[in-house]
1. Give me the extension gain from K16 to T42: residue separation times 0.36 nm, minus the current Cα-Cα distance, reported in nm with one decimal.
2. Mind checking which lysines have their Cα closer than 20 Å to the Cα of K41? Skip sequence neighbours fewer than 8 apart in that chain.
3. With a 1.4 Å probe and every protein chain left in place, work out the accessible area per residue of segment 20-61 in Å², rounded to a whole number.
4. Order D3, D57 by their accessible area, 1.4 angstrom probe, all chains in place, largest first.
5. Any idea how far apart E50 and D3 come out in nm if each label point goes 7 Å out from Cα toward Cβ?
Amino acid sequence: MSDSIRLKLIEFRQKKGLLQREFSKLTKIPPTIISNLEKGKTDWSLARIEQVCTAFDLHPSYFFKEFPEPGMEEIAKGLF
């Protein structure tokens, strides 16, 4: 999966004000997997994206649109 999707998922979680642990509970994705996904150590699969979309009533296309906020990549890098 592209890095822009990874960053968009990080941005989405942060905008919701959720810690990785809270995001994990809502999406039913284990917290260690969330951490690895956000760090880019594990690739996001369509199945994982679907879990996020189901939990938050989103259409998958939300994560495939162009990354909306310039500079977000630098913010995300600072998290790790």
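1. Working: separation 26, 0.36 × 26 = 9.36 nm, distance 2.22 nm.
The span from K16 to T42 would gain 7.1 nm if fully extended.
2. Partners within reach: K8, K28, K77.
3. Numbers: 2580 Å² over 42 residues.
Per residue, segment 20-61 has an accessible area of 61 Å².
4. On the way: D3 75, D57 140 Å².
Result of the area sort, largest leading: D57, D3.
5. Simple spin-label model gives 2.9 nm for this pair.
The values are calculated or read from the model by the stated rules, or taken from the named source; none is laboratory data. The structure presented is a predicted model; accordingly, all values stated were derived computationally and were not measured. Positions of Cβ are generated from backbone atoms using ideal geometry, with glycine treated the same way; all protein chains shown enter the neighbour counts. Calculation scope for accessible area: heavy atoms of the full protein, side chains included, ligands and nucleic acids excluded. Shrake-Rupley method; radii C 1.70, N 1.55, O 1.52, S 1.80 Å.
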